[in-house]
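Shown next, in structure tokens, is the structure this report addresses.
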Amino acid sequence: METKEIHKLLVEASKPETSGRRLNEIQCVLESEVFESKVINDRSAGILLVLCSLYVSTLENDPKLLPSLLPVFSMICGDRDDKCIIADIDWSFINKNN
């Protein structure tokens, strides 16, 4: 998943008007990206646990902070090759918005 797409999801999830159902859908989309790679092992399961804990606890405590966690979510859910467990972050979309 591209960083721009992850950012869009995190911004949507941070808004108070986003329904519980949509928050769950966003979590499922992010989770599915952890296993997009063909590397599925204990490390990827651990990374999934971090993703879920970070997403849910941020929603419970201060949802407006979700977009600030973009680097973490981008490393976990971003595009990567089959041999890597985390992604290199593509920040190019930020320069296009300025």
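Every read-out reported here was derived from the displayed coordinates using simple, explicitly stated rules and does not represent laboratory data. All figures in this text were calculated on a predicted structure; none of them were measured in a lab. Positions of Cβ are generated from backbone atoms using ideal geometry, with glycine treated the same way; all protein chains shown enter the neighbour counts.
Of note:
- Extension gain for the segment Leu49 to Val72, taken as residue separation times 0.36 nm less the Cα-Cα distance, is 7.0 nm to one decimal.
- Within the stretch 1-79, the trypsin sites (Lys or Arg not before Pro) that combine a DSSP coil assignment with at most 15 other C-beta atoms in a 10 angstrom radius are Lys38.
- With a Förster radius of 22 Å applied to the C-beta separation of Lys15 and Phe93, the computed FRET efficiency comes to 0.65.
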